[in-house]
Each structure stands twice: as structure tokens, then as C-alpha cells.
Amino acid sequence: MERLTRMGQDNPLHTPKADGYRSIWVVSPCFNRPNDARNLCQALARLLLPVMCKPYLVLVDNASQPALADSVGDTPLPEPWTCHHVMLPCNAGGSGGYNAGLGYVLERARDEDAVWLLDSDALPEPEALIALLDAHGAPGVVAVGSLLKDPQTGEFYELGGRVIPSTGEYASAWKPVPGLAPPSAIEAQYLAACSLLTSVRAIRLAGLMPDTFLNGDDVAWGYRLARATGGRLVATPRSVVVHPRWDRMRTVARYFAARNAMSALPTAGVGVYRRALREAARAATLHATGLHALAELHMVGLRHAARGRVMGPLPAEIDPGHPDRPGLSREDAQASVIGHGRVVSARARRADWFAAAGSIALDQQGGWTISTSRSLRLCRAFWSLVQGLFLAFLLQKRRGALAHAPPAPMPEVVRGKDQGLSIVVVAYNRKDALLRTLERLHAHEPTASAQIIVVDNASNDGTVQALRERYPGVQPIALEANTGVAAFNTGVRAATGRTVLVLDDDACPDTKALSLALALLDDRPEVAAVALHPRHPDGGRSEWPFARLIADATDAWPVMGCGNLVRKDAWDRVGGYCEGYFLYRNDTDLALSLHGVGGVWFDPSWVVWHDSPAAARKSVRWCHMATRNWIWMARRHARGLQRLMACLGVLQALRLAGPRPRALAGVFQGTLEGLTRAAPPVGVRAPGAWKALMALRLGRPPRSVPRYVGPCMSTSKATTGQPTSPQNSSVPAPTTWSI
């Protein structure tokens, strides 16, 4: 400790501003690379540290085999460092690993603490941390990045990041000029997560990184940091970090680059059309070279983005492997090409297009043979361009993809029982889905201690019996007949809590989101309910494409779905769900009614996971009843000519019905019933609620408000990383923690 302190004082970069940080948390995810982790620890041990600063390393093990704690050691760093191991059950990628580490830090750190995101394959030079802290102490700076150095060539290749609007490509904010030194600091639009320093307070305000596994997560997060805090992002050349170039894509990185750009660019306010075309062009050149497996990574990435699948690792059905002779070394590849063809580049240079069959492709990992004919390569290249045009148009029309950026966890654990939370779940012949939901509800707070009521709509699959055997603490209500959404009203009447979570049997809320929603209702008495954002756990597809219109949050949201947190007194005042609907549109109808007794809060990062295939493909019954109920909803809540806007719901139903005759017949039957049959009476009508719903459907969002980050913090803009009052006075001892 004395050696490090003395070196820091002698260093010209050491300034009083860098001494204002009590603790520094270095978060580094790693997967199956123990040598990288060892090298990182050695580099951290050589760092110059500020005086009176306590450094911590949070090493996130992305399910490595063997575990990093076994291969690297429990205490790989000398004093004054303390190492914490966070072990994940599966590989969550770079963004998931960082989020796990950030969540671990936020539960233990103070607002004034600094957090340094550092890739496991990054090697900071001794002055790197001091320079970052010094730059972070400047007025208005909320995050700082390093100057990145290529380990192979020794060249500096990135200092801050920016998005090129004309192409949608990512580039360095500073372009190196031979013989010209970089500026002392440079403004950036985003910062590479391989070396990024910010504060705990900024992370609480902005939330965690978009959960997109690899590539582009730091781009979207940088814009989110700047918007949520009102601060600036800068990069300093005095902080040098050696890190491999990110633009040297090999195999699977191509898929993530194409897919995740479609969600990162809208966050940056850049259209996705030209970037999608460029990804299709890359696929075409790879097809022309004969590298069809690599080309498909670009195209599948675009297709998944168009479907809203922007979360998770590379799907199992995609084979990024070599078409032939996988793992062929460069030497063997060059030897085997003699007499059989020519050597081409895996980067698909123009000279290698339509090379002779039997050629060898080389990249930094090795080579493999190409065995397709020239005509087949031409056809595949042409078809990828045709698909690319269509996907680019579709993605631009949908404004890209909507990624999930989890909210930062609250410092204290929120217990549902203390918050007066009751959970009402309605089940009908989906025993397995219900049991999975209850298992998740019992696993974590705030749902583990809450009152849980399950209303069974006369299921015949043994739901009630299984419920009583496995979860005796759950209160079952068995109905003699299927009453549809009226069962929710029955469950809410039996609830004893002051707040009710109304939940489908195949849905489960994110625990961080639910904790924040409960705290919000305690802090904001004018808010009647919180609508959680329904997403499918497979790929993170959003059920509400229009949710992308809200950048932060709104208290005038006119839609509800499969997971809603409602004040019980507000539910009673509006009469709950309209029982005449039986199924479908009852949740949106409730949202419109709740606007008459208070606002409905919506934050797109507050998610309820909805594992329902019906969310993607609508049944014939949905086409019939949802169309009828939409027209009834217009008759209940709209006035005069506004009721004519109900045709939007009919058009949507026709689009979702597609070319299915029975589904189309259901839409026409629902339209006829909605116009001819009497609509159920409305209890509370909110002026302007129907107009807000129609505006949302037409692409005009309701008013935005600052995101809610918990009762411990102000929602005012944090423009600097200056210390604030601490929340936790102690920091835990080194430990190994499993998620």
C-alpha cells in the first residue's frame, strides 16, 4: 500500500481531484479465459492508485469451465486490492456479465464510488486509472473512456466513439493523424465498455446496459448515460488500455453486430436503413467468396432484429462453423491449397469473389475449404441483397428493434409483505405454466413474501390439486365455471393488500422492476397504477412495438397487458376489469378507466416476462373477441367522431389475421357484433384517454417524465461524478457469490 501510494504521489497525473473517491470498483466479465484474467490481475496490481482509495475487483465468471476461482485463485491481487467473484449459472455474454457485476456493486457501493468497466482481455497501463479519475472529476463529466491500443500493431485506434449518421457505422471520435498527438480530452457520443469509468450515482440514474449479449450494448448505454444524467462523455488519451480491435470480426461477432445495431442506432437517433443495407452487402460479398456460413450470420442477425429478437446468445439453430475441415491451421491450409485452388481472405476482398471451387479461406483463427460453384455463389449473393432490401425497409418502418435495458436495482431489498402487496393470478388449463410462475414468484422478493391468490377458472387438468400439494401457502379460489376476466375481479376482492399485482398464469415480473414500481406508488400518490412492459423471454421480443416511442417514462400510458400493479382502491373505484368482455382488450379498457382516478405509469425498462406463444400468433378466438371488444371500448370511452378511430383496431386485427380464412371471418364477425350488440356500461370515463390511445397507435407518444430510480435518489440531473452522501457505510469482505 505504501509503495502504491508513493508512486501515485510522484506521478504528475496524480491530482487532488482523483483523491475524492473512497472506493473504486473494477467490473470485469470473463468466459473460459483464465489467462486473460491472470494478465488483467497482473496489470491491475501495477496500477497507480489515488491516496486513501480502496480498490475492488469484481470478477464475473460467465459460467467458465473450470471456474475462474479455481483456475485464477480466490485472491489473485495483492493488498490493497480485494477481489470478489460473481459466478453466473450460464454464459450471459458481455452485457449480461457487466450487468451482473454492476448489480453486485450497486447493492454494496456508495453513490460517490467510481465504477470502472474493464474487459478481461484489456490491459491498462499503470497511469490509466489515475487519468480516468482525474478526467471524471471535471465539471459536467459523467463518464470517461480510455485511449485504446492494438496489441498486435501497437497503434492507437480509438479514443471515444461516435455514430456516423450516413452509414450507421461506429467510429472513433478521434481520427489518428501521423505525427500529431491526440487532444487532452475529446467529447464522445459513446464510450467503449472495454474501459469505461463512471459513478454509482450515474448508473442508478441510467440503469444497466442493454441486455444484448455482445456488441453495441455500450453504444446504446452511452447515449442513455448522457440523457439520464445530463452530463458529458469524454475520452482521455492519458489513460491507455491495450485491447484487441473490435472491428476484427471473426465468426459469431458478425451476427451480434448486425442484430444489435438495429437497437443501438434508434437509441442514438439514427435510422437503421443504411446500416441494414450495409450488413446485407457484407453478406453478399461473403457469399461471393464462398463463405456462406459467415454470410448467413449477417442475414440471420437482420431477420432476428426485424422480429424483435435482440436478446440472448447465438441461437442453437445457427451454425457459424466452417463448411469443411473446421479448425484447420493456417499452415495446413496453405499446404493443402497446393494443387487444389488458391488462398482467399475471410474478409471477402473483391479479388477473392467467385474464386475457383476448392479454394482456401484464411482468417486469424485458421482456414477452411470452399466447395461451392461460382453460379451458386452468385445466386446466394443476389438473394442476400434482395432479402436485405426488404429487411432494411421493414426495420426502418418499425424504427429498428427495441432492446431491454434493465433498471438499476434498489439499494435495499423490498419485501412485498411490508409493502402490502397482493398477487392475483388467474389460471385455466395451464397447470405447468402456472407452477413455473409460482416457482419464480417464490424465488425472490418482493413477490416471495406477498399474498398470492390463484383463481382457477374451472380447469380440468388438476390445477387446484397440484397447487395445494406444492404451494400450500398460496390461497386458491376454485370457480365452478370459466368466467374469463371476471376471475381477476374475484381474486382482487379477496386480496388484503393495498396494492395488487394482476398477473397472467404464464407471466412473471422482473424483481427489480416490481421493487421500483412499489416504491413509486408509495412516493407518488397521484399515480393509480403501473403497467409493466410485456416481453417474451426467448429473444426479448416486445409485445408492444409502440413502446419504443417512450425514451424514459410516462405517467399517461393508455395501455395495460399481462402484468399490472394497481392500487386496490383505484381498482375498486373503476370496477376492475369489464366482465362483459370475457377476454381481450380488458386490460387496455382498465387503463383508460384508471386515467379518470389517476395516471398510469410506464417505463419500458420495467418488464414482465410473458412466456406465451399466443402473443406472436393470434388465434381465431382472439380475432373475433378482440375486434368486438375494441369497438365496444371505443363506444365506452370515445365521444362523437372519435369513435370512428375504432377502425384502427379492426385494421390491426385484419393484419394479424393474415391470409387465414377462419381468422378473417372472426374479424368480420367481431366487427358486426361490436356495432350491433350493446356495449357494457362504463363506470369511469377519463377525458382525453381515448385520444391518447389513438395518438399512441398513430406513432405520437404521450408526455415523457423523468425515470423513477427509487426513493433514495433525486431524479434531478447529475452532471458530475462528484461525491454525494453515502448510503452504505461498510463494504463487504471478499466473497464468492452465485446468481
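The values are calculated or read from the model by the stated rules, or taken from the named source; none is laboratory data. Since the structure is predicted, the reported quantities are computational estimates derived from the model, not experimental observations. Note that each Cβ is placed from the backbone with ideal geometry, even for glycine, and that neighbours are counted across all protein chains shown.
Among the numbered criteria (1) hydrophobic (A, V, I, L, M, F, W, C); (2) at pLDDT 95 or above; (3) more than 17 Å from Ser422 (Cα to Cα), which one does Trp544 miss?
Checking Trp544 against (1) hydrophobic (A, V, I, L, M, F, W, C); (2) at pLDDT 95 or above; (3) more than 17 Å from Ser422 (Cα to Cα), the one that fails is (2).
In this structure, does Leu132 turn out to be surrounded by 20 or more Cβ atoms within 10 Å (Cβ to Cβ) and within 23 Å of the chain's Cα centre (by Cα)? Break it down into steps so the answer makes sense when it comes.
Details: surrounded by 20 or more Cβ atoms within 10 Å (Cβ to Cβ): yes; within 23 Å of the chain's Cα centre (by Cα): no.
In short, no.
What's the number of the condition Val426 fails, among (1) modelled with pLDDT under 95; (2) surrounded by 24 or more Cβ atoms within 10 Å (Cβ to Cβ)?
(1)
Identify the residue in region 531-576 that is under 18 Å from Trp690 (Cα atoms) and in a strand (DSSP E or B) and, among all such residues, is farthest from the chain's Cα centre (by Cα).
This residue is Ala556.
Taking the condition of being of a type in the set (Gly, Ala, Ser) and farther than 27 Å from Met311 by Cβ, how many residues in region 542-584 meet it?
The first filter runs over region 542-584 and keeps only residues of a type in the set (Gly, Ala, Ser), leaving 542, 547, 551, 553, 556, 561, 563, 570, 575-576, 580.
In the following step, the residues that additionally are farther than 27 Å from Met311 by Cβ were identified as 556, 570, 575-576, 580.
The total comes to 5.
Out of Ser199, Ser195, which single residue is surrounded by 23 or more Cβ atoms within 10 Å (Cβ to Cβ) and closer than 29 Å to Met262 by Cβ?
Values: Ser199 fails: closer than 29 Å to Met262 by Cβ.
Result of the check over Ser199, Ser195: Ser195.
Tell me which residues, restricted to region 637-669, are in a helix (DSSP H, G or I) and of a type in the set (D, E, K, R).
Just the residues of region 637-669 that are in a helix (DSSP H, G or I), to begin with: 637, 640-657, 661-669.
Those that are in a helix (DSSP H, G or I) and of a type in the set (D, E, K, R): Arg643, Arg655, Arg662.
Residues Ala519, Ala528, Ala487: which one is assigned to a helix (DSSP H, G or I), crowded, with 21+ Cβ neighbours inside 10 Å and over 21 Å from the mean Cα position of the chain (by Cα)?
Numbers: Ala519 fails: crowded, with 21+ Cβ neighbours inside 10 Å; Ala528 fails: assigned to a helix (DSSP H, G or I).
After applying the criteria, what remains is Ala487.
Quick check on my filter: what residues within region 162-188 are of a type in the set (Gly, Ala, Ser) and surrounded by fewer than 17 Cβ atoms within 10 Å (Cβ to Cβ)?
Our first condition is that a residue be of a type in the set (Gly, Ala, Ser); within region 162-188, this holds for 166, 168, 171-173, 179, 181, 184-185, 188.
Answer for region 162-188, where residues must be of a type in the set (Gly, Ala, Ser) and surrounded by fewer than 17 Cβ atoms within 10 Å (Cβ to Cβ): Ser166, Ala171, Gly179, Ala181, Ser184.
Determine, yes or no, whether Ala122 is surrounded by 17 or more Cβ atoms within 10 Å (Cβ to Cβ), at pLDDT 95 or above and more than 25 Å from the chain's Cα centre (by Cα).
On the way: surrounded by 17 or more Cβ atoms within 10 Å (Cβ to Cβ): yes; at pLDDT 95 or above: yes; more than 25 Å from the chain's Cα centre (by Cα): no.
No, not satisfied.
Look at region 211-228 and say how many of its residues are assigned to a loop (DSSP other than H, G, I, E, B) and of a type outside the set (A, V, I, L, M, F, W, C).
The initial filter retains those residues of region 211-228 that are assigned to a loop (DSSP other than H, G, I, E, B), namely 211-216.
Still in the list and also of a type outside the set (A, V, I, L, M, F, W, C): 211-212, 215-216.
So the answer is 4.
Got at least one residue in region 383-393 being part of a helix (DSSP H, G or I), under 24 Å from the mean Cα position of the chain (by Cα) and crowded, with 16+ Cβ neighbours inside 10 Å?
As a first pass, look at region 383-393 and keep what is part of a helix (DSSP H, G or I): 383-393.
Applying the additional criterion that residues be under 24 Å from the mean Cα position of the chain (by Cα) yields 391-393.
Narrowing the set further to residues that are crowded, with 16+ Cβ neighbours inside 10 Å leaves 391-392.
Scanning region 383-393 turns up at least one residue that is part of a helix (DSSP H, G or I), under 24 Å from the mean Cα position of the chain (by Cα) and crowded, with 16+ Cβ neighbours inside 10 Å.
Spot the failing condition for Pro50; the list is (1) of a type outside the set (A, V, I, L, M); (2) outside any helix (DSSP H, G or I); (3) over 18 Å from Leu197 (Cβ atoms), and only one is missed.
Evaluating Pro50 over (1) of a type outside the set (A, V, I, L, M); (2) outside any helix (DSSP H, G or I); (3) over 18 Å from Leu197 (Cβ atoms) leaves (3) as the failure.
Looking only at residues that are in a helix (DSSP H, G or I) and more than 20 Å from Lys568 (Cα to Cα) in region 583-614, which one is nearest to the chain's Cα centre (by Cα)? Can you show your working first?
From region 583-614, those in a helix (DSSP H, G or I) are 586-594, 613-614; that's our starting set.
Subset that is more than 20 Å from Lys568 (Cα to Cα): 613-614.
Working: Pro613: 21, Ala614: 22 Å.
Filtering first and then ranking leaves Pro613.
What is the number of the single condition among (1) in a loop (DSSP other than H, G, I, E, B); (2) more than 22 Å from the chain's Cα centre (by Cα); (3) at pLDDT 95 or above; (4) not charged (D, E, K, R) that Leu208 does not meet?
The failed condition is (2).
Table: residues versus (1) surrounded by fewer than 23 Cβ atoms within 10 Å (Cβ to Cβ); (2) of a type in the set (Val, Ile, Thr); (3) within 29 Å of Ala403 (Cβ to Cβ).
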| site | (1), (2), (3) |
| --- | --- |
| Val607 | no, yes, yes |
| Ser612 | yes, no, yes |
| Arg621 | yes, no, no |
| Arg628 | no, no, no |
| Met633 | no, no, no |
| Arg636 | yes, no, no |
| Arg639 | yes, no, no |
| Ala646 | yes, no, no |
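In region 670-701, what residues are outside any loop (DSSP other than H, G, I, E, B) and more than 18 Å from Tyr581 (Cβ to Cβ)?
So the first thing to find is which residues in region 670-701 are outside any loop (DSSP other than H, G, I, E, B), and the list is 670-676, 689-697.
If the condition is that a residue be outside any loop (DSSP other than H, G, I, E, B) and more than 18 Å from Tyr581 (Cβ to Cβ), then Lys691, Ala692, Met694, Ala695, Leu696, Arg697 are the ones that fit.
For Gly230, indicate whether it is surrounded by fewer than 24 Cβ atoms within 10 Å (Cβ to Cβ), among the small types (Gly, Ala, Ser), more than 22 Å from Arg108 (Cα to Cα) and modelled with pLDDT under 95.
Values: surrounded by fewer than 24 Cβ atoms within 10 Å (Cβ to Cβ): yes; among the small types (Gly, Ala, Ser): yes; more than 22 Å from Arg108 (Cα to Cα): yes; modelled with pLDDT under 95: yes.
Here the answer is yes, as Gly230 does meet what is asked.
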